[in-house]
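Down below is the structure, laid out as structure tokens.
A short reminder: the numbers here are calculations on the coordinates, not readings from a lab. As the structure is a computational prediction, the values presented were derived from the model and not from experiment. Note that each Cβ is placed from the backbone with ideal geometry, even for glycine, and that neighbours are counted across all protein chains shown.
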Amino acid sequence: MGGVSDLAGAYDVVVVGSGGAGMAAAVEACDRGARTLVVTKSALGASNTGRAQGGIQAAVGDDDSWQDHLEDTLAAGHGDGDPALVRRLVEGGPGAIAWLTGLGVAFSRDEGRLRILRCGGARRPRLLQAGERTGADMVKALRAAVRARAIAVRDNTAVTAMRPGASGWRLFLRGPDGDDTVAAGAVVLAAGGGLRGEAERLGEASTNHPDATPEVLEMAIAAGAGTVHLDSWQRHPTGALAPAGLAGYALPETTRSYGATLHNAGGERFVDELAPRDVVADAIIREVAEGRGVTADGGGCGVWLDTPAIDRTHGAGFTAARLAYVTKRYSGAGLDITTDRVLVYPVLHYRNGGLRITPDAATTLPGVYAAGEITGGVHGTNRLMGNSLLDTVVFGRTAGAEAAAAAR
Ligand SMILES: Cc1cc2nc3c(=O)[nH]c(=O)nc-3n(C[C@H](O)[C@H](O)[C@H](O)COP(=O)(O)OP(=O)(O)OC[C@H]3O[C@@H](n4cnc5c(N)ncnc54)[C@H](O)[C@@H]3O)c2cc1C
């Protein structure tokens with residue numbers, strides 16, 4: 001349990017999920033004076049957010065602007081994003097970074113200036129990082145913020161159903177002590193996109209946390225919530241194909257930002273490594289389908305990611321310093337990424353679509369708000385790398401504030 005007891009069984013705002021979106025919403029709702037409960041399936045903060053390595057996009061560079069960020073986001077999403085949602089996202093970028101910094105997230109700096117990388121689909125350097133595991137740092141800071149406030153937490157508790165109540169919603173819970181219900185003036189759905197569950201149905205690997213199953217999305221739809229691009233999924237281009245123990249791990253986009261290149265069995269490069277994600281993933285899939293892939297010892301076929309190119313470009317020791325976590329993951333599996341290329345193949349990663357929301361994070365159900373990967377429209381049909389963590393903060397905070405206001 002978190003800061004306060006939930007014995008009363010009735011709250012102004014109940015937040016479902018404790019990834020970036022859920023915890024940002026809870027903090028904001030509480031700061032607006034709402035009696036707030038977070039219900040989350042396992043430990044507080046256990047989520048896809050905690051797995052994010054690459055970083056968070058925000059137009060904070062001298063030569064950057066929210067307008068450029070908006071154009072890049074719409075273009076990467078094939079023009080399918082909702083311009084009003086995208087505008088809310090990108091205009092909120094610098095503020096989100098300032099808010100996270102205030103909560104204690106230490107964004108990486110070089111000689112005092114924020115380190116900003118260019119990543120796939122972005123015309124400017126725009127990706128900020130907190131070390132190499134930005135998502136884990138965000139979760140740590142947000143969890144501390146939740147615990148420092150009078151926010152009730154029901155951990156190891158799943159929401160199993162939601163129904164309209166006399167003055168809001170009633171949520172049905174399954175926790176360590178059995179089943180019960182809780183009443184909410186307003187609800188924030190922040191239970192993620194559930195792509196791990198979809199991958200399991202298909203018998204495929206995915207990068208997602210075991211909690212990433214779509215039942216909350218499905219229950220909102222069953223309750224009548226509108227959706228957008230629900231079946232648009234994204235594959236991470238550089239899923240680890242070998243060694244077998246790394247199945248489901250994805251090498252972060254920053255490997256390509258730092259200069260790692262992709263090669264087919266003939267040693268040829270076949271795509272701009274900094275093109276949008278779906279372009280890179282589709283190119284790899286095509287190389288393999290057309291017989292130019294490399295067969296892994298343990299089975300499966302992929303292409304080479306030339307990670308030694310990073311040190312060839314930036315000097316010995318760069319990879320060890322900047323990509324220590326990836327280096328460690330691979331050395332643990334018996335491979336030195338500074339000397340050996342790695343075999344990669346796209347892996348299921350992200351649900352682009354989801355619940356339809358307004359710029360104020362309202363779903364089509366009265367009193368129900370949503371934020372993060374459970375929603376659609378922000379990323380069109382292909383998310384720009386680094387925009388999801390930003391989405392969790394911008395729309396998470398918005399959802400919390402709006403839910404608090406609605407509950408009043
Ligand atoms: C390996 C990996 C790397 C990534 N790297 C990046 C990156 O570098 N940059 C970037 O922008 N994005 C990245 N992403 C995507 C990004 O991390 C996620 O899309 C985003 O964090 C989702 O946040 P969320 O709060 O919406 O959902 P999540 O973080 O998935 O949280 C969902 C929460 O809901 C809970 N929940 C689920 N079902 C229930 C239920 N029935 N009852 C109660 N609680 C429930 C879960 O336990 C969890 O706490 C990455 C994703 C992965 C998997």
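Run the Debye formula on the Cα coordinates of the chain, all scatterers equal and no solvent, and tell me log10 I(q)/I(0) at q = 0.12 1/Å.
So the normalised log intensities are -0.90.
When every alpha-carbon pair in the range 1-122 is counted, what percent end up more than 26 Å apart?
Working: 2603 of 7381 pairs.
For the range 1-122, the share of Cα pairs beyond 26 Å comes to 35 percent.
Using a 10 Å cut-off around each Cβ, can you sort Ile285, Ile374 from fewest to most neighbouring Cβ atoms? Each step should come with its number before you reach the end.
Details: Ile285 17, Ile374 28.
Least crowded to most crowded, the residues run Ile285, Ile374.
For the range 101-150, what is the charge dipole size about the Cα centre, in debye to the nearest 20, if Lys and Arg each add +1 at the Cβ and Asp and Glu each add -1 at the Cβ? Don't skip to the answer; put the middle values down first.
On the way: 12 positive and 4 negative charges, 39 e Å.
It works out to roughly 180 debye.
Mind checking the range 240-313 for trypsin sites (Lys or Arg not before Pro) that DSSP puts in a loop (not H, G, I, E or B) and that have at most 14 other Cβ atoms within 10 Å?
Details: sites: Arg256, Arg269, Arg277, Arg286, Arg292, Arg312; in loops: Arg269, Arg292.
Of the trypsin sites (Lys or Arg not before Pro), the ones in loops of the range 240-313 whose Cβ has at most 14 other Cβ atoms within 10 Å are Arg269.
Hey, how many Å between the Cα centroid of the range 11-44 and the Cα centroid of the range 120-158?
The range 11-44 and the range 120-158 have Cα centres spaced 13 Å from each other.
Sorted by mean Cβ packing within 10 Å, highest first, what order do the peptides 109-120, 127-138, 347-358 take?
Details: 109-120: 14.2, 127-138: 22.3, 347-358: 24.2.
So the order, starting with the most tightly packed, is 347-358, 127-138, 109-120.
Looking at the chain only, what percent of DSSP beta bridges run antiparallel? Nearest 5 please.
Details: 38 of 59 bridges.
Bridges in the chain that DSSP calls antiparallel: roughly 65 percent.
Any idea what the dipole of the range 284-335 comes to, in debye rounded to 20, about its Cα centre with Lys/Arg Cβ at +1 and Asp/Glu Cβ at -1? It would help to have the intermediate numbers written out before the result.
On the way: 6 positive and 5 negative charges, 43 e Å.
Here the range 284-335 has a charge dipole of around 200 debye.
Quick check: from the Cα gyration tensor, does the range 284-335 come out rounded (a/c under 1.5), prolate or oblate?
Working: a/c = 3.46, a/b = 1.79, b/c = 1.93.
Note, shape of the range 284-335 comes out oblate.
Measure nothing but the geometry: give the 0 to 90° angle between the long axis through the Cα atoms of 20-31 and the longest principal axis through the Cα atoms of the chain, rounded to 10°.
30 degrees
Could you tell me the center-to-center distance, by alpha carbons, between the range 301-362 and the range 266-281 in angstrom?
If we compute the Cα centre of each part, the gap is 14 Å.
Along the Cα-to-Cβ line of Arg115, 7 Å from the Cα, sits a label point; which residues in the range 307-327 have backbone N less than 17 Å from it?
In the range 307-327, the label zone of Arg115 (backbone N under 17 Å from the point 7 Å along Cα→Cβ) covers 310-327.
Grab the Cα-Cα distance for Ala98 and Asp62, subtract it from 0.36 nm times how many residues apart they are, and report the gain in nm with one decimal.
Values: separation 36, 0.36 × 36 = 12.96 nm, distance 1.60 nm.
Extending this stretch completely gives an extra 11.4 nm.
Rounded, prolate or oblate for the range 242-303? Axes are the square roots of the Cα gyration tensor eigenvalues, ordered a ≥ b ≥ c, and the cut-off for rounded is a/c under 1.5.
Values: a/c = 1.74, a/b = 1.15, b/c = 1.51.
Judged from the Cα gyration tensor, the range 242-303 comes out oblate (a/c at least 1.5, b/c at or above a/b).
Which peptide among 397-406, 174-183, 222-231, 150-159 comes first, and what is the full order, when sorted by highest mean count of other Cβ atoms within 10 Å?
Values: 397-406: 25.5, 174-183: 13.0, 222-231: 16.0, 150-159: 20.3.
The peptides rank, most packed first, as 397-406, 150-159, 222-231, 174-183.
Summing -39500 (n - 2.57) over the DSSP H runs of n ≥ 4 in the chain and dividing by its residue number, what mean residue ellipticity at 222 nm do you reach, to the nearest 500 deg cm²/dmol? Can you show the working numbers first?
On the way: 13 runs with 132 residues, N = 408.
Helix contribution divided over all residues of the chain: -9500 deg cm²/dmol.
Restricting to the range 288-408, compute how many DSSP beta bridges are antiparallel as a %, nearest 5.
Details: 6 of 8 bridges.
If we restrict to bridges inside the range 288-408, about 75 percent are antiparallel.
Just subtract the alpha-carbon distance of Arg286 and Ala223 from 0.36 nm times their residue separation and send over the number in nm, one decimal.
18.7 nm
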